[in-house]
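Here the structure comes first, spelled out in structure tokens, and everything after it is commentary.
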Amino acid sequence: MKLLGKTILITGGSSGIGLELAKQLLKMGNTVLITGRDLIRLEKARLQMPELHIYQSDVSNPTHIAALFREISTKFPQLDVLVNNAGIMRNIDLNQVCNTDDLLSEITIGLNGPILLNQHFLPHLRKQPEALIVNISSGLAFIPFTISPIYSAAKAGLHAYSRCLRTQLKNTTVKVVELLPPGTETPLFRGEFEKEMRGQKGMPVETLVKKAIRGIEAGHTEIRPGLARVLGVMSRVAPDFMMTQMTRMSAPKA
């Protein structure tokens, strides 16, 4: 699919990968809509890109998802691309007592959110001559990151779901692409992992997005840039060895 003249909805589009996708896709001549929970961040993004359409919406809230679908499908009946990007990544020690929100928020946002969004938007997308769903998971879907166990589990679930969704939609006009980023220089990557990631360098977000767009336009169904490709191979060849290496890498740096 050529990403030109499309109408594209990106969840979690006010920062990180979502914001960079919005920037590059706008420059390519697309109509771009983004969602996010923080209205201030959304408005800041629109100041940078006045042609951007912003919607305050929480993908962890089924009521918000239903309302978002009703509004966008009415205002933008030509919508033909949905990018499920919203997510959070927590540093969680399972030896400690964790509250329910800490344990479930990454799954609610990063797995339940895309599933519910897709279910709402699929009937609309199937009416388009050509449509696309992009689920953004992670290389950690292949090898989990010990200090981020729930995020890793959510992304592994999104990977499995994406494969099933792609197969079920095989004979429709809707294509399903999964982007599995490696560690990427975004607020999410640094966030709670500053001590552990000190000295580690992620892929520049501009580079990741360029690779993602090239992969989509080339017809790839799974896009695994950089270390994500290595993790995919090692998950089959030597998963225990690779997990040990990942655990050592995530040890806090002095």
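The values are calculated or read from the model by the stated rules, or taken from the named source; none is laboratory data. All values reported here derive from a predicted model rather than from experimental measurement. Please note: Cβ atoms are built from the backbone with ideal geometry, for glycine as well, and neighbour counts cover all protein chains shown. For accessibility, only protein heavy atoms count, side chains too; no ligands or nucleic acids. Shrake-Rupley method; radii C 1.70, N 1.55, O 1.52, S 1.80 Å.
Residues checked against (1) closer than 29 Å to Ala228 by Cβ; (2) open to solvent by less than 40 Å² (accessible area, probe 1.4 Å); (3) without any contact (Cβ under 8 Å) to a residue 60 or more places away in the chain; (4) over 14 Å from the mean Cα position of the chain (by Cα):
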{"position": "Leu79", "(1), (2), (3), (4)": "yes, yes, no, yes"}
{"position": "Asn85", "(1), (2), (3), (4)": "yes, yes, no, no"}
{"position": "Ile115", "(1), (2), (3), (4)": "yes, no, yes, no"}
{"position": "Pro129", "(1), (2), (3), (4)": "no, no, yes, yes"}
Exercise for review: Find the residue count for the stretch 202-228, including only residues that are open to solvent by less than 30 Å² (accessible area, probe 1.4 Å), of a type outside the set (A, V, I, L, M) and in contact (Cβ under 8 Å) with a residue 40 or more places away in the chain.
Suggested key: 1
**Study point:** Residues located in the stretch 31-54, provided they are of a type outside the set (A, V, I, L, M), open to solvent by 10 Å² or more (accessible area, probe 1.4 Å) and either in contact with a helix residue (DSSP H, G or I) (Cβ under 6 Å, 6 or more places away or on another chain) or farther than 19 Å from Pro114 by Cβ (or both)
**Key:** Thr31, Asp38, Arg41, Glu43, Lys44, Arg46, Gln48, Pro50, Glu51, His53
Exercise for review: For Leu227, work out the one condition from (1) out of contact with any His (no Cβ under 9 Å at 6 or more places or on another chain); (2) closer than 17 Å to Lys155 by Cα; (3) modelled with pLDDT of 90 or more it doesn't fulfil.
Suggested key: (3)
